[in-house]
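So the structure is just underneath, and the comments pick up after that.
The values are calculated or read from the model by the stated rules, or taken from the named source; none is laboratory data. Only a predicted model underlies this, so the values are computations on that prediction, with no experimental measurement involved. Every residue, glycine among them, receives a Cβ derived from its backbone with ideal geometry; neighbour counts consider all protein chains shown. When the accessible area is computed, the model is the full protein with side chains, heavy atoms only, and any ligands, DNA or RNA have been set aside. Shrake-Rupley method; radii C 1.70, N 1.55, O 1.52, S 1.80 Å.
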Amino acid sequence: MNTQKKTQFMTLTALLTAIAILIPLAMPFKIVIPPASYTLGSHVAIFIAMFLSPWMAIFVIIASSLGFLMAGYPIVIVLRAFSHIFFGTLGAFYLQKHPQILDNPKSSLIFNFVLGLVHAIAEVFACIIFYASTGTDLKNMFYVLFVLVGFGTIVHSMVDYYLALAVYKALKKRR
């Protein structure tokens, strides 16, 4: 990688990292019902990083988790944010081999849904580990874990994916 490419990569990573930290801190539209939280656009920087590079995605995900921590969200929500490492890394490595998915609406929809599913499973699993370690009775949490966190994450993830894809394609045209 030449110097100009390295500089561009570092600059994009820094910008997406700043956005990933800033969104949980400053986004006025957010719904927090622990362990569920819905912050519009909170995955956009992650998805854009994922479209560009696995290492960029990993770095932005870690930064995003720190953003949720700095914003004062409950620790279970911070752990959910860190669980993005699973869908972000898998998606980024898959896109590295199959970048044409982003240009085909049908393939992109399927990819988006599968990512949303992996995303939701990781977040539910993070909640289960957290609540099991605190001695919470998980039997009474079915609705919260599988409807609010699980299903809610799939929908939230898919919406943010399309927001990120629109931004990514618009920026790609400007290059």
Report summary line: Heads up, the helices (runs of 4 or more DSSP H) in the range 12-98 (entirely inside) with at least 3 residues that are more than 19 Å from G116 (Cα to Cα) are 54-70
Query raised in the report: Can we say A36 is free of Cβ contacts under 8 Å to residues at least 40 places away in the same chain, among the small types (G, A, S) and within 21 Å of I75 (Cα to Cα)?
Result: no
Requested in this report: Could you please let me know if L117 is in a helix (DSSP H, G or I) and within 16 Å of V149 (Cα to Cα)?
Outcome: yes
Report task. State which residue pairs qualify: first residue closer than 14 Å to L69 by Cα and of a type in the set (A, V, I, L, M) and inside the range 12-23, second residue part of a helix (DSSP H, G or I) and open to solvent by 60 Å² or more (accessible area, probe 1.4 Å) in any location, beta carbons under 8 Å apart, and separation of 6 or more residues or different chains. Result -> I21/L66; I21/M70
Query raised in the report: Would a scan of the range 113-127 turn up a residue that is touching a residue at least 60 places away in the same chain (Cβ under 8 Å), farther than 30 Å from L171 by Cβ and crowded, with 17+ Cβ neighbours inside 10 Å?
Result: yes
Query - Flag for S37 being within 11 Å of the chain's Cα centre (by Cα), modelled with pLDDT under 95 and surrounded by 19 or more Cβ atoms within 10 Å (Cβ to Cβ) - result: no
Requested in this report: Being acidic (D, E) and closer than 17 Å to L52 by Cβ is the filter here, so list the residues in the range 134-175 that pass it.
Outcome: D160
Query - All positions within the range 134-158 that are open to solvent by 80 Å² or more (accessible area, probe 1.4 Å) and under 24 Å from the mean Cα position of the chain (by Cα) - result: F142, Y143, F146, F151
**Report entry** Pairs where the first residue, in the range 70-89, is more than 16 Å from F59 (Cα to Cα) and the second is in a helix (DSSP H, G or I) and open to solvent by 50 Å² or more (accessible area, probe 1.4 Å), C-beta under 6 Å, 6+ apart
**Finding:** A71/L25
Query raised in the report: Is there a residue in the range 45-65 that is open to solvent by 10 Å² or more (accessible area, probe 1.4 Å), of a type in the set (A, V, I, L, M) and at pLDDT below 95?
Result: no
